[in-house]
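To start, the structure itself, in structure tokens.
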Amino acid sequence: MSKEIAKILVEIGSVNFDFKKYFTLTSGLKSPVYVDCRKIISFTNERDFIIDKAIQYLKENNIDNDIIAGGETAGIPYAAFLSQKLKKPMVYIRKKPKGFGINKQIEGKFDYKSSALLVEDLATDGGSKITFVNAMREVGLNVKDIFVIFYYDIFNFEKSELYKLNVKIHSLCTWKNIVEYIESEKIYTENEISNLKEFLRDPDKWRNKYG
């Protein structure tokens, strides 16, 4: 399953590579890769396949919740797709309260102490998910699992702030799967793949070397 997801993400351009110019991330840091899982929403067949595999994963791992929760903004469509197919209520969480009206941070109806699955498109070190988890728990939602389509899985999760919140990250695809796919298909040269592996092993060291 993960190999098929990796193939899709590379083919539709959700995982992009540039070993000459490099990408500039929102942080201003350089990277030979750029991941854009938002693009999946535009590819109906691939999107259906991924959502079906997500449901299969949740069922096989006995992850069942009262509510599907999407994180602003990239997690919202995937939460909606899952909510529709699983026939479960959905809410979405803002990064911060909207600042007017009744100043809600979570949109949608839910009951106190309902269990909720937080859905996002991807996770790097998981740090950005802390805001969503804390907001959900502050209103009485019980969240123990985070589901993403793509997870970097190159950082020590047990040393992260998210780990301290006692949640688990679940994913359909990681960098290990992407690397295995592009190596098996010989999509890039050995030097380029070596460059990618060097980045994934230690991004800071890679940036010191390549600028």
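The values are calculated or read from the model by the stated rules, or taken from the named source; none is laboratory data. Quick caveat, the model's predicted, so the values are computed rather than measured. All Cβ positions, glycine included, derive from the backbone under ideal geometry; neighbour counts span all protein chains shown. We work out accessible area using only protein heavy atoms, side chains counted, and drop any ligands, DNA or RNA first. Shrake-Rupley method; radii C 1.70, N 1.55, O 1.52, S 1.80 Å.
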Checklist line | Residues of segment 74-101 satisfying the condition of being in a loop (DSSP other than H, G, I, E, B) and closer than 24 Å to Ile178 by Cβ | finding: Ala74
Next item on the list: Of all residues in segment 143-156, count the ones that are open to solvent by 70 Å² or more (accessible area, probe 1.4 Å) and touching a residue at least 12 places away in the same chain (Cβ under 8 Å).
Entry: 3
Note to self: Looking at Ser115 and the list (1) in contact with a helix residue (DSSP H, G or I) (Cβ under 9 Å, 6 or more places away or on another chain); (2) open to solvent by less than 40 Å² (accessible area, probe 1.4 Å), which single condition is not satisfied?
What the structure shows: (1)
Next item on the list: Could you please find all residues in segment 48-81 being aromatic (Phe, Trp, Tyr) and either surrounded by fewer than 16 Cβ atoms within 10 Å (Cβ to Cβ) or within 26 Å of Arg94 (Cβ to Cβ) (or both)?
Entry: Tyr78, Phe81
Checklist line | Filter result (free of Cβ contacts under 8 Å to residues at least 60 places away in the same chain, more than 23 Å from Arg94 (Cβ to Cβ) and of a type in the set (Val, Ile, Thr)) within segment 157-188 | finding: Val179
Checklist line | Positions within segment 139-154 being of a type in the set (Asp, Glu) and at pLDDT 95 or above, in sequence order | finding: Asp145
Margin query: I'd like to verify a number: residues in segment 82-112 that are surrounded by 13 or more Cβ atoms within 10 Å (Cβ to Cβ), at pLDDT 95 or above and polar (S, T, N, Q), how many?
Written below: 1
Note to self: I need the full set of residues from segment 1-47 which are open to solvent by 30 Å² or more (accessible area, probe 1.4 Å), free of Cβ contacts under 8 Å to residues at least 40 places away in the same chain, closer than 20 Å to Ile182 by Cβ and not basic (Lys, Arg), in order please.
What the structure shows: Glu11, Asn16, Asp18, Phe23, Tyr34, Asp36, Phe43, Glu46
